[in-house]
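The values are calculated or read from the model by the stated rules, or taken from the named source; none is laboratory data. As the structure is a computational prediction, the values presented were derived from the model and not from experiment. Here the Cβ positions follow ideal geometry from the backbone for every residue, glycine too, while neighbour counts run over all protein chains shown. Keep in mind that these areas ignore ligands, DNA and RNA; they rest on the heavy atoms of the full protein, side chains included. Shrake-Rupley method; radii C 1.70, N 1.55, O 1.52, S 1.80 Å.
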Protein chains: 2
Amino acid sequence: MDRLDAMRAFVTVVNEGTFTRAADRLNMSPQLVSKYVSRLEEHLGVRLLNRTTRQIHLTEAGASYHQRAQQVLHDIEDLECQIGDLQTEARGMLRISAPVSFAIRHMAPLLSEFQQAHPGVGIDLQLNDRKVDLVEEGFDVALRIGHLKSSSLIAKRIAPIRMAVVAAPDYLKQNGTPQKLEDLQGHRYLRYSYIELDSSQPLHRWLQNNGQNDSNGMTSNNGDVLMEAAVAGAGIALQPTFISGPAIKAGKLQVILQEYEPEPMGLYAVYAHRQLLASKVRSFIDFIDGYFGDPPYWD
Amino acid sequence: MDRLDAMRAFVTVVNEGTFTRAADRLNMSPQLVSKYVSRLEEHLGVRLLNRTTRQIHLTEAGASYHQRAQQVLHDIEDLECQIGDLQTEARGMLRISAPVSFAIRHMAPLLSEFQQAHPGVGIDLQLNDRKVDLVEEGFDVALRIGHLKSSSLIAKRIAPIRMAVVAAPDYLKQNGTPQKLEDLQGHRYLRYSYIELDSSQPLHRWLQNNGQNDSNGMTSNNGDVLMEAAVAGAGIALQPTFISGPAIKAGKLQVILQEYEPEPMGLYAVYAHRQLLASKVRSFIDFIDGYFGDPPYWD
DNA sequence: GTCACTATCAACATTTCGTTGATAATAACC
DNA sequence: GGTTATTATCAACGAAATGTTGATAGTGAC
């Protein structure tokens, strides 16, 4: 027996004054209402109503139960309404994890616009380049760059991420401009710590074999530092264009080995489940999807 | 789906931290717990838990729901405990004192129904028209008719008791039908020994002055005898309608001087104290309250 | 890399649910 | 006073759910 339905039946009977009218109001048969109330009495072990065939009267227990049961039902109704509102109006705190360099450059205006469109949503943006555990760390959505392996998570591709080999024109003048992969030999390589190398890409394969343990290069877990270093002529960097784009346009960096440019990676929005998604999350996914354009504005 | 069970499942999962342990605690299979939580989420349209196969984490909606749901469950538990306590003790011997004529006519079906509703309660019904001492004589509850004076006892009004002046039609034909109080002079009055006369009622005042020491009437401490006597044409009686009702309906008695009918008295259930009332007594009070209807079925 | 654990899915027998038709009891009406 | 209409409840049946079992995939620990 659904005790809530039973409680609702009882309360309605008391409020309406008769089983039949209560049944009308609840859209069920009077027999069922009667059965519910009987079961409820049985369950409680108390007679709640003294009933003749024409009239009903509350017992003392019934009166006490009625009052509190009505309160409980009201509470539950409130509760469910509140949850529903939370759902339909897209509110609450949206916790986002995002790659540091990307977020610094491209998230601020997006989030600002998003919050204007959804005033009820607060944002907690955590910048982090490691792979956070969505569930463990309580993120609603994570932005990730790379080629995603399959997992139980849902990943939606938001934008392509082109990786370009760049160096400062001055550096190239001094050290020569590589035309083939082999020409990279001997150059100083500015390495990004978290880079995912894909051995099906020639450039990646070369880096894997030759670029890992060079001692004359530089390594950082921050793309901005590497980009600045490259601009300063510290060496050659494999950089996503969302970082290097402006410097390239400004002529501070020069793209080399363009024919070896790997297949673009992707910017992905990763979230837990496709169904029953909190609408703050859904709204954000919808919002960010297409926001950067195709090709993205930085390219 | 029993939403309460679903709520309980969800709350337990949150408290225990895992579906399996929650299932243990609830004595159900983990599959069922999972199903309950899923259904609850479906019902609410919100994901409450983000779960990997090894861990669970509350969503924002889940956290808010958890807190309030726990409150609601707690409320209901309290509610049922309170009602249950009332009931679990509803057993033992219930000693009732009641007016003779009333009990003979109207207590049997009530007590029968009451015992069906409360099989654990035995009944000792003592018929007595004098004012018994509840405590002294060990009664749980006494039914009394009259206008109760204040006392340390609790008196709950159960039903109105109308008093009607009646006589047999034949008697009235022979002796005339009184139209005013003065017309009663010379009539034979069938007097009830324990009657409480209230001098604010004109009829009572007249009886007090004129009806007490007449020698042509009749006195008894039993209303049935007086009613039968009235039906037999012995005189005029002031009778409660719960006695005379059927005879009036049957035409064996005729109501006279209706405009002088005193304010109705009451049938009261008198018991010792309101708090810490043995639930057999509470149940009986609840049961008899409203049982006779308003107006009562004999009127 | 293997193993143990966990949540979930799928399928099935059983239970329960909610309807329909019937019945007893009572108030209202002629 | 007798009839009618209303009311609560009972009984029984088909339909829908419940809760079990076995299977499956993902995940952390060793």
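Listing for the model above:
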quantity: Lone qualifier among A:ARG157, A:ARG144 - being within 16 Å of DNA strand D (Cβ to nearest atom), over 19 Å from B:THR59 (Cα atoms), of a type in the set (D, E, K, R) and more than 14 Å from chain B (Cβ to nearest Cβ); calculated: A:ARG144
quantity: Close pairs (9 angstrom Cβ cut-off, 6 or more residues apart or separate chains): farther than 20 Å from B:SER279 by Cα in the range A:50-66, more than 16 Å from DNA strand C (Cβ to nearest atom) and modelled with pLDDT of 75 or more anywhere; calculated: A:ILE56/A:VAL14
quantity: Members of the range B:1-37 found to be among the small types (Gly, Ala, Ser) and more than 11 Å from DNA strand D (Cβ to nearest atom), listed by number; calculated: B:GLY17, B:ALA22
quantity: Residues being farther than 15 Å from A:PRO160 by Cβ and either more than 11 Å from the chain's Cα centre (by Cα) or assigned by TED's automatic domain parsing to the domain that holds A:HIS187 (or both) - total across the range A:245-284; calculated: 17
quantity: Residues of the range A:140-181 that turn out to be within 30 Å of A:LEU276 (Cβ to Cβ) and of a type in the set (D, E, K, R), as a count; calculated: 5
quantity: Test set (1) of a type in the set (Asp, Glu); (2) within 25 Å of A:LEU94 (Cβ to Cβ); (3) away from DNA strand D (no atom under 13 Å from the Cβ) - B:GLU42 fails condition number; calculated: (3)
quantity: Any helices (runs of 4 or more DSSP H) falling wholly within the range B:159-275 and containing at least 3 residues that are open to solvent by 30 Å² or more (accessible area, probe 1.4 Å), at pLDDT below 80 and not hydroxyl-bearing (Ser, Thr, Tyr); calculated: B:202-206
quantity: Filter pass, A:VAL100 being facing chain B (nearest Cβ under 10 Å) and of a type in the set (Val, Ile, Thr); calculated: no
quantity: Residue pairs meeting the criteria (Cβ under 6 Å; at least 6 apart or on separate chains; first open to solvent by 10 Å² or more (accessible area, probe 1.4 Å), in the range B:72-83; second modelled with pLDDT under 85 and assigned to a helix (DSSP H, G or I)); calculated: none
quantity: Condition met for A:ALA69 (surrounded by 14 or more Cβ atoms within 10 Å (Cβ to Cβ) and within 16 Å of DNA strand C (Cβ to nearest atom)); calculated: no
quantity: Extreme residue, surrounded by the fewest Cβ atoms within 10 Å (Cβ to Cβ), among residues of the range B:30-52 that are charged (D, E, K, R) and facing chain A (nearest Cβ under 8 Å); calculated: B:GLU42
quantity: Leading residue by the ranking (farthest from DNA strand D (Cβ to nearest atom)) among those in the range B:119-141 that are within 14 Å of chain A (Cβ to nearest Cβ) and modelled with pLDDT under 75; calculated: B:GLY120
quantity: Filtered residue count, the range A:276-299, keeping only those that are in a loop (DSSP other than H, G, I, E, B), touching a Phe, Trp or Tyr at 6+ places or on another chain (Cβ under 8 Å) and within 14 Å of chain B (Cβ to nearest Cβ); calculated: 1
quantity: Tabulated pairs, the range B:248-272, first within 14 Å of chain A (Cβ to nearest Cβ), second β-branched (Val, Ile, Thr) and within 16 Å of DNA strand D (Cβ to nearest atom), C-beta under 8 angstrom, 6+ apart or interchain; calculated: none
quantity: Hits in the range A:1-20 (condition: more than 9 Å from DNA strand C (Cβ to nearest atom), within 14 Å of chain B (Cβ to nearest Cβ) and open to solvent by 50 Å² or more (accessible area, probe 1.4 Å)); calculated: A:ARG8
quantity: Residue that is over 30 Å from A:ILE96 (Cα atoms) and within 12 Å of DNA strand C (Cβ to nearest atom), where the choices are B:ALA23, B:ALA103, B:ALA98; calculated: B:ALA23
quantity: Qualifying residue in the range B:53-64 (condition: at pLDDT 85 or above, open to solvent by 20 Å² or more (accessible area, probe 1.4 Å) and out of contact with any strand residue (DSSP E or B) (no Cβ under 7 Å at 6 or more places or on another chain)); calculated: yes
quantity: From A:ALA108, A:ALA98, A:ALA90, A:ALA103, residue being of a type in the set (A, V, I, L, M) and crowded, with 21+ Cβ neighbours inside 10 Å; calculated: A:ALA98
quantity: Single condition A:ASP85 does not satisfy, out of (1) more than 10 Å from chain B (Cβ to nearest Cβ); (2) more than 22 Å from B:MET1 (Cβ to Cβ); (3) within 16 Å of DNA strand D (Cβ to nearest atom); calculated: (3)
